[in-house]
1. What residues have an amide H closer than 5 Å to that of PHE33, excluding those fewer than 5 places away on the same chain, when H is modeled at 1.01 Å from N in the peptide plane?
2. So, R0 is 30 Å and r is the distance between the beta-carbons of LYS85 and THR34; what FRET efficiency does that work out to, to 0.05?
3. Please compute the volume of the convex hull spanned by the alpha-carbon atoms of the range 2-103 and report it per residue in Å³.
4. If R0 is 30 Å, what FRET efficiency do you get for LEU7 and ILE103 from their C-beta distance, rounded to 0.05?
Amino acid sequence: MVSLITLAAAEAIAKVAFGKFFESSAGKLGEKFTETGLKKIDELYQTIRKRLSGNPGAKDALTDVEQGNQEALQRVAVYLLDVMKADGNFATDVQKIADEINIHRVEDNSQLTQINKDHSTGYQTKTGDNNTNQFGNTNHYYGTPPQG
């Protein structure tokens with residue numbers, strides 16, 4: 001499992017762990033995760049912070065991220081990736097916490113409703129997490145539908 005860790009995975013983990021330091025993410029975390037999930041996010045943050053604090057370069061990157069510098073997040077991810085590749089037990093622990101966080105993600109089960117009157121075409125769009133999009137349309141024909 002450790003050999004499968006990539007920079008993209010490390011970036012995703014770092015983004016979740018340090019998301020609370022970015023203004024746009026702070027309020028949205030409570031909407032996306034249960035209370036248990038939020039506690040697990042803090043556990044992930046503490047675990048990563050404790051492990052990376054011993055490295056002066058990583059410590060500087062952590063400080064920058066904690067001050068709201070989103071660009072430093074990629075530097076943290078690189079340090080995280082290095083440590084995860086070097087220490088399989090740490091990688092397993094981090095991935096386990098990340099998996100537990102994902103379990104406590106709040107699902108958006110809202111519905112889309114569309115009402116069309118007369119001869120009309122209606123469109124519905126919905127954008128979710130990770131830029132997942134749902135797009136649908138309905139064409140109503142009264143009589144014979146057009147050919148072609």
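No value in this document is a laboratory result; all are computed from the given coordinates. For clarity, every value in this text was computed on a predicted model and none was experimentally measured. So basically every Cβ, Gly included, is an ideal-geometry build from the backbone, and we count neighbours across all protein chains shown.
1. VAL106
2. E between LYS85 and THR34, to the nearest 0.05, is 0.45.
3. Value for the range 2-103: 84 Å³ per residue.
4. Calculated transfer efficiency: 0.80.
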